[in-house]
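Below is one structure; the comments refer to it alone.
The values are calculated or read from the model by the stated rules, or taken from the named source; none is laboratory data. No experiment lies behind these values; they were computed from the predicted model shown. FYI the Cβ positions are ideal-geometry reconstructions off the backbone, even for glycines, and counts take in every protein chain you see. What goes into the accessible areas is simple: the full protein's heavy atoms, side chains included, and nothing from ligands, DNA or RNA. Shrake-Rupley method; radii C 1.70, N 1.55, O 1.52, S 1.80 Å.
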Amino acid sequence: MRTPSWESSAGALVALLNSSTQVHMADVYTLTLSGGTVLRYSGSDTPVTIPGTTWSLGPVIRRGNTRRRVGVTVDSLSLSLAADATVQVNSVALLPFIAAGGFDGARVVLERAFAAAAGSPWVGLLPLFQGRVSAVPSASRYEASFTVASDGELLDTMIPRNVYQPGCGNTLFDTACGLAKASYAVATTATGATDAARTTFNTALAQATSYFAQGWAVGVTGPNAGVGRTIKAFAAGAITTIQPWPVAVGIGDTFTVYPGCDKLQATCSAKFANLARFRGHPYVPAPETIL
């Protein structure tokens, strides 16, 4: 049996399953958006509450089967969410929010809650599946469908552990880089709404051109709260993201933005003063160099 993610007391779930021929079960879904906002939905006809956490009624959720295998494999889970306009995220109807990219890159955790009978206290939670939304969701007026790939997908990368290349092998703010992400967080407020593509909005930020390019922006207030986007360009206070925001940014919406790194030696030294941790090889000759 898998290790429970929560039990009312040590060994309570195992004892219930070993002693009962019938139990009451409910699937619960925890969705973490790219910017950190957490949505919790019950797959039952009632909310599911354990100490400190509640999965509320929201969309009607249908899912595919999960599988249990020995070994390292990439599994997937299909999900369909049906909802009307009363089910909302940041005051925006859920289905339009999903259709506009609000669930892109979201993390999904599926668990099953167990109780002795309907209406009885919940005894334990058993994890069934977890992963990230792997494909662009398809949405209609009444339903949105998408596929979640298991965490095993992260291992499906055919490259050596260390690559000798001019650019740094670290990712900004990871353990090897060593910089504290929170130290570089900058709070800002939109002074202008996004353009028609929902990618560019103005701020009062005065950093140098491209300072935030290849960085990250996360909505704090407004309809995009909890949604993150990669910054494509930054100039004269204007932030342009690679992907459009699910909902147009409005004047007064607040964000937290982080600088980006182009992985060059000069940037590591001048912008971040972190040259001691630079893991690039800028003096490797180009392949076409004739010796």
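Observations on the structure shown:
- Column: log10 I(q)/I(0), Debye, Cα scatterers of segment 115-205, q = 0.12, 0.15 Å⁻¹: -0.95, -1.16
- Using alpha carbons only: equivalent-ellipsoid semi-axes of the chain, gyration tensor based, whole Å: 40, 26, 17
- Normalised by the number of residues in segment 114-191, the average gap of Cα pairs under 8 Å and 6 or more apart makes the relative contact order 15 percent.
- Counted residue by residue at 0.36 nm each, then reduced by the alpha carbon distance between them, the extension gain from residue 49 to residue 135 reaches 27.9 nm.
- Carbon + sulfur, % of accessible area of the chain - ligands and nucleic acids excluded, 1.4 Å: 55 percent
- Sorted into 10 angstrom bins from 0, the C-alpha pair distances of segment 149-291 split as 11, 34, 29, 21, 5, 1 percent.
- Of the residues 9, 283, 60, the one whose Cα sits farthest toward the positive end of the charge dipole of the chain, with +1 on the Cβ of Lys and Arg and -1 on the Cβ of Asp and Glu, is 283.
- Globularity index of segment 58-132, i.e. its alpha-carbon radius of gyration over 2.2 N^0.38 Å: 1.36
- Relative frequency of Cα-Cα separations exceeding 18 Å in segment 1-42, percent: 46 percent
- Under a model in which nothing but the beta-carbon of Lys, Arg (+1) and Asp, Glu (-1) is charged, the chain shows a dipole of about 380 debye around its Cα centre.
- Extent of segment 85-243 along its three principal axes (Cα atoms, max minus min coordinate, largest first): 62, 44, 30 Å.
- Once exposed loop trypsin sites (Lys or Arg not before Pro) are cut out (DSSP; at most 14 other Cβ, 10 Å), longest piece of the chain: 162-291
- Label-point separation, residue 265 to residue 221 (7 Å along Cα→Cβ), nm: 4.6 nm
- Rounded accessible area per residue of the chain, 1.4 Å, Å²: 53 Å²
- The residue among 243, 186, 164 whose Cα reaches farthest toward the positive pole of the charge dipole of segment 149-258, with charges on the beta-carbon of Lys, Arg, Asp and Glu, is 186.
- Estimated 222 nm signal from helices in the chain, with DSSP H stretches of n ≥ 4 weighted -39500 (n - 2.57), rounded to 500: -1500 deg cm²/dmol
- Rel. contact order, % - alpha carbon contacts under 8 angstrom, at least six apart, segment 146-246: 19 percent
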